[in-house]
1. If you take the residues in region 90-146 that are among the polar types (S, T, N, Q) and not in a helix (DSSP H, G or I), which one is farthest from LYS16 (Cα to Cα)?
2. Before we move on, is LEU144 modelled with pLDDT of 95 or more, within 15 Å of the ligand (Cβ to nearest atom) and not β-branched (Val, Ile, Thr)?
3. Got a sec? Which of VAL53, VAL91, VAL80, VAL44 is out of contact with any strand residue (DSSP E or B) (no Cβ under 7 Å at 6 or more places or on another chain) and either in contact (Cβ under 8 Å) with a residue 12 or more places away in the chain or of a type in the set (S, T, N, Q) (or both)?
4. Looking at the structure I just gave you, is GLN120 among the polar types (S, T, N, Q), within 11 Å of the ligand (Cβ to nearest atom) and more than 13 Å from GLY10 (Cβ to Cβ)?
5. When only residues in region 28-67 that are within 9 Å of the ligand (Cβ to nearest atom) and not in a strand (DSSP E or B) count, which is nearest to PHE5 (Cα to Cα)?
6. Restricting the search to region 81-95, which residues are within 16 Å of the ligand (Cβ to nearest atom), hydrophobic (A, V, I, L, M, F, W, C) and out of contact with any Cys (no Cβ under 9 Å at 6 or more places or on another chain)?
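The values are calculated or read from the model by the stated rules, or taken from the named source; none is laboratory data. Fair warning: this is a prediction, and the values are worked out from it, not measured in the lab. No Cβ is skipped: glycine too gets one built from the backbone with ideal geometry, and neighbour counts run over all protein chains shown.
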Amino acid sequence: MKGKFITFEGADGGGKSTQVQLAAEWLRKQGYDVITTREPGGTVLAEKVRELVLDPALPLNTTSQSLLYLAARSEHVEKVIRPALDAGKVVLCDRFSDSTLVYQGLSLGKELAELTVLRQLCSFATAGLEPDLTLVLDGRPEELAKRRELRGVTDRYEQQGLDFQHRLRDGFLTLAKAEPARIKVLNAEGSMEEVAEAVQKALDNLLQEAE
Ligand code: TMP
C-alpha cells in the first residue's frame, strides 16, 4: 500500500505542532504506521537551514529564503518523506510547499497567477510530490496572536506584526479556494480538543476514501 501524505499549514499560533502530535497519536491508536516531521527540518541539512533562515539577525532576501527552504525540502522529501510513503506510512508534516507560496509569495502582495515560477520551483524541489490532504488551521490573527505571545517565540516572520499575520491568513485562504479538494480549512480558534476533533474528521474522510 502507498502511504498518505498530510500537511498542516496556517499562520503562526494556530497550534499546528500540537495538532500534528495529537493526530499522530489518534492514528496510531487505529493501527496506522505514522511519522511526524516538520519544515524546515526533518534532516540534518534542513535543521541547519532552519537555524539560518529563521534567524532574524541574518539579512536574507526573499529569493534566497525561498531557495533555502526548497533545498531543505528536497532533502526532506528524498530522505524522509518518500521512503516513508513507499513503506506505506502516514506522513504528517508541519508545513510544506504551501508555506513557501504564502510566506515567500502571497503575503508579499503577489497574486496567485504571479507565482508560476515559484510553483515550478516547488515542484522541482519535491520531484512533483504533493500532499494528499492539507489542513489549514485558520483563525483571526488577533486571537492567534494571544497564543503566540504565550509561547514567546519571535522568529524572522513572527516579528512582523499583525498586518503581516492578516496577509498570511488571506494567503492560505486563497490557496484553499484555488484547491478545495486538497486543502481543507479548519477553525483553529476553538479549544485544543475541538480542533483535534475537526482534524480527526478530515483525516477519517481521507483514510476511508483510501480503503
Ligand atoms: P514554525 O515551525 O513555527 O511553523 O516556523 C517555521 C517558520 O518558517 C514559519 O514562520 C514559516 C516559515 N516558512 C516559510 O517562510 N517558508 C517555508 O517554505 C516554510 C516551510 C516555512
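1. GLN104
2. Working: modelled with pLDDT of 95 or more: no; within 15 Å of the ligand (Cβ to nearest atom): yes; not β-branched (Val, Ile, Thr): yes.
So LEU144 does not fit the description; no.
3. Numbers: VAL91 fails: out of contact with any strand residue (DSSP E or B) (no Cβ under 7 Å at 6 or more places or on another chain); VAL80 fails: out of contact with any strand residue (DSSP E or B) (no Cβ under 7 Å at 6 or more places or on another chain); VAL44 fails: either in contact (Cβ under 8 Å) with a residue 12 or more places away in the chain or of a type in the set (S, T, N, Q) (or both).
Exactly one residue qualifies, and that residue is VAL53.
4. No: the conditions fail for GLN120.
5. Among those that are within 9 Å of the ligand (Cβ to nearest atom) and not in a strand (DSSP E or B), it is GLU39.
6. Passing the criteria: VAL91, LEU92, CYS93.
Residue-wise test of (1) under 30 Å from GLN208 (Cβ atoms); (2) within 15 Å of the chain's Cα centre (by Cα).
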| residue | (1), (2) |
| --- | --- |
| SER17 | yes, yes |
| VAL49 | no, no |
| THR62 | no, no |
| SER66 | no, yes |
